[in-house]
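Just below is one structure, and these are the notes that go with it.
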Amino acid sequence: MTIPRKGSRSLTVNDTTYRWVISVHNNTVNLVVELDSAPGQRLLAYFECRDLYIRTETGEWRFHSQKQSIHPAHVKRLILHALNSGWKPQEKRGKPFTIRNAAQIAATIDVEAIHSRQVSPDTQEAYIKEIARDFLESYMCLSLCMDFEMYDRLLESEPQTRFPIADDNLQQLGLTFAVFLDSTKADGRPVIALQCNEFPDVIEHYWWIC
């Protein structure tokens, strides 16, 4: 059975068109990808999900549902990773190709692609800053900066105590990040902040629903 067109989306990667759809089961987002025409082996990717409230630039809190947090850019990164790891979407037999750590892969920035772009020196800093924003937003959407161990460490720490978040690719661009407990609360819940060390104004605040 192929992915129905109703409720699914198409995405072209390297001149090949795929169709993808997401569903949520037991607090896990399930992504299914296959060729748009003559589909063969499917790609299955699993995201652990948490609904978030993210603070906007105006200071208001916006609900961010994990049911809507998988963007085409994330899907593209997963498709490229799967193809490089042995996924054969044209093959008509075989079990689906499965990715368990989908959130980590989807949030990874392709540094080679960044370096291959022609960016003038005048816009280099602004461009790198946008990369920092994209990475930070991916972390927020996919909740990678939070696991139960980190959550406990943050709640037990003093506000503003910074914990580094390492990403080898972005360190090549001179970008590093930190997560910390904010001094404010929202709806009686602790507020978490994620910030780029090199661009302090690139920062997100959120609280998440257990």
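Of the listed requirements (1) under 30 Å from THR184 (Cβ atoms); (2) without any contact (Cβ under 8 Å) to a residue 12 or more places away in the chain; (3) not basic (Lys, Arg), ASN84 misses just one: (1).
Taking first residues from the stretch 68-80 that are in contact (Cβ under 8 Å) with a residue 12 or more places away in the chain and under 12 Å from LEU11 (Cα atoms) and partners that are open to solvent by 50 Å² or more (accessible area, probe 1.4 Å) and assigned to a loop (DSSP other than H, G, I, E, B), no Cβ contact under 7 Å between residues at least 6 apart in sequence or on separate chains turns up. Among residues of the stretch 170-205 being among the small types (Gly, Ala, Ser) and surrounded by fewer than 16 Cβ atoms within 10 Å (Cβ to Cβ), the one that is nearest to LEU154 (Cα to Cα) is SER183. Number of residues in the stretch 14-30 that are open to solvent by less than 30 Å² (accessible area, probe 1.4 Å) and modelled with pLDDT of 95 or more: the value is 3.
Scanning the stretch 30-63 for residues that are free of Cβ contacts under 8 Å to residues at least 60 places away in the same chain and under 28 Å from LYS185 (Cβ atoms) gives THR56, GLU57, THR58, GLY59, GLU60, ARG62, PHE63.
Restricting attention to the stretch 134-147, the residues that are outside any loop (DSSP other than H, G, I, E, B), within 13 Å of ALA193 (Cβ to Cβ) and either open to solvent by 60 Å² or more (accessible area, probe 1.4 Å) or at pLDDT below 80 (or both) add up to 2.
Filtered by the rule that a residue be part of a loop (DSSP other than H, G, I, E, B) and closer than 16 Å to GLY59 by Cα, the stretch 189-210 gives ASP201, VAL202. Of the conditions (1) touching a Lys or Arg at 6+ places or on another chain (Cβ under 8 Å); (2) open to solvent by 40 Å² or more (accessible area, probe 1.4 Å); (3) over 30 Å from GLN195 (Cα atoms), ARG55 satisfies every one except a single condition; which number is it? ARG55 satisfies every listed condition except (3). Does GLN90 qualify as being at pLDDT below 80, exposed (fewer than 12 other Cβ atoms within 10 Å of the Cβ), farther than 18 Å from TRP207 by Cα and not aliphatic (A, V, I, L, M)? Criteria not met by GLN90. Within the stretch 1-14, track down each residue that is free of Cβ contacts under 8 Å to residues at least 40 places away in the same chain, in a strand (DSSP E or B) and either in contact with a helix residue (DSSP H, G or I) (Cβ under 6 Å, 6 or more places away or on another chain) or of a type in the set (Val, Ile, Thr) (or both). Within the stretch 1-14, THR12 is the sole residue that qualifies. Of all the listed residues (THR17, THR98), the sole one being outside any helix (DSSP H, G or I), in contact (Cβ under 8 Å) with a residue 24 or more places away in the chain, at negative phi and of a type outside the set (A, V, I, L, M, F, W, C) is THR98.
Report, by residue number, each residue of the stretch 148-169 that is part of a helix (DSSP H, G or I), open to solvent by 90 Å² or more (accessible area, probe 1.4 Å) and of a type in the set (Asp, Glu). If the condition is that a residue be part of a helix (DSSP H, G or I), open to solvent by 90 Å² or more (accessible area, probe 1.4 Å) and of a type in the set (Asp, Glu), then GLU149, GLU156, ASP168 are the ones that fit.
Only a single item in (1) surrounded by 16 or more Cβ atoms within 10 Å (Cβ to Cβ); (2) within 30 Å of LYS185 (Cα to Cα) is not met by HIS74, and it is number (2). Close Cβ contacts (under 7 Å, 6 or more residues apart or on different chains) running from residues in the stretch 147-169 that are under 22 Å from PHE135 (Cβ atoms) to residues that are at pLDDT 85 or above and of a type in the set (D, E, K, R) comprise PHE163/ARG153.
The values are calculated or read from the model by the stated rules, or taken from the named source; none is laboratory data. From a predicted model like this one, the values you see are computed outputs, not experimental measurements. Cβ: placed from backbone, ideal geometry, glycine included. Neighbour counts: every protein chain shown. When the accessible area is computed, the model is the full protein with side chains, heavy atoms only, and any ligands, DNA or RNA have been set aside. Shrake-Rupley method; radii C 1.70, N 1.55, O 1.52, S 1.80 Å.
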